[in-house]
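The values are calculated or read from the model by the stated rules, or taken from the named source; none is laboratory data. Please read these numbers as outputs of a predicted model, since none were measured by experiment. Counting neighbours? That spans all protein chains shown, and the Cβs are built from the backbone with ideal geometry, glycine included.
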Amino acid sequence: MDLADGLADRLVRVLDVEGKIPRALEALGPVADRDVLLLDGSGGLRAGQLRELGARVEVMAPSESRASAVADASADVLVAFWSSFRGVEAAEMEEAARIVRPGGRLLVVHDYGRDDVSALRGDLPDYGPWSRRDGPFLRSGFKIRVVHCWWTFESLDDARQFLGEAFGEVGTNVGSGLTRPRLSYNVAVYHRTLGEPSAV
């Protein structure tokens, strides 16, 4: 989500402090002892978490030319966070299949909705159409794992201040209804295997 730098930094500190997202990526990859290409991870947090799990991580910013920046069959796992794979487009899938070794994994992380955070952001395709059986991911061979996370703040006052500054009137309204210093946040990890592993 687009927030001013200071607010974005504060959000990173409160988002998924329990580390459920990287644990889900390890369960669905796995990523340990594998070559992982991380899209949209230029902020460093997710790359660091994957490295802590034992992944050999290469980070590619969204602005890089994928075709020229990454060699064929160079990754065991391709992980995309939020701004890539906004639905399922043929060109993106072809590029993923080119980059990932046969039998490798594609893990795509998006918001799932049905949580406190979705009240801040309005009606997004992430929250409904994408996760349906006839939506672009599930009809394209992906499976889905929903990870139940939190935005965890130090206090109710801290939560309310952040929400008001980051989201204006909507954030103030959500904050006023909080009874504990955290918001429920559901994340979808769409996952699938690309190609068949080579026979040995």
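Would you check which residues across region 5-29 are assigned to a loop (DSSP other than H, G, I, E, B) and free of Cβ contacts under 8 Å to residues at least 60 places away in the same chain and list them?
Within region 5-29, 19 is the sole residue that qualifies.
Here are some conditions: (1) surrounded by 15 or more Cβ atoms within 10 Å (Cβ to Cβ); (2) without any contact (Cβ under 8 Å) to a residue 60 or more places away in the chain; (3) more than 27 Å from residue 5 (Cβ to Cβ). Residue 140 meets all but one. Which one does it not meet?
Every listed condition holds for residue 140 apart from (1).
Please verify whether residue 128 is free of Cβ contacts under 8 Å to residues at least 40 places away in the same chain, out of contact with any strand residue (DSSP E or B) (no Cβ under 8 Å at 6 or more places or on another chain) and crowded, with 17+ Cβ neighbours inside 10 Å, treating the condition exactly as stated.
no
Would you be able to tell me the number of residues in region 143-174 that are loosely packed, with under 14 Cβ neighbours inside 10 Å and within 30 Å of residue 192 (Cβ to Cβ)?
Residues that pass the stated criteria total 2.
Here are 71, 47, 55, 91: which of them is surrounded by fewer than 16 Cβ atoms within 10 Å (Cβ to Cβ), more than 28 Å from residue 139 (Cβ to Cβ), without any contact (Cβ under 8 Å) to a residue 60 or more places away in the chain and among the hydrophobic types (A, V, I, L, M, F, W, C)? Spell out the reasoning first.
Numbers: 47 fails: surrounded by fewer than 16 Cβ atoms within 10 Å (Cβ to Cβ); 55 fails: surrounded by fewer than 16 Cβ atoms within 10 Å (Cβ to Cβ); 91 fails: more than 28 Å from residue 139 (Cβ to Cβ).
Criteria check complete, one pass: 71.
Within region 131-150, work out how many residues are in contact with a strand residue (DSSP E or B) (Cβ under 7 Å, 6 or more places away or on another chain) and of a type in the set (Ser, Thr, Tyr).
So the answer is 1.
State all residues of region 34-70 that are part of a loop (DSSP other than H, G, I, E, B), among the aliphatic types (A, V, I, L, M) and at pLDDT 90 or above; if no residue qualifies, say none.
The answer is 53, 55.
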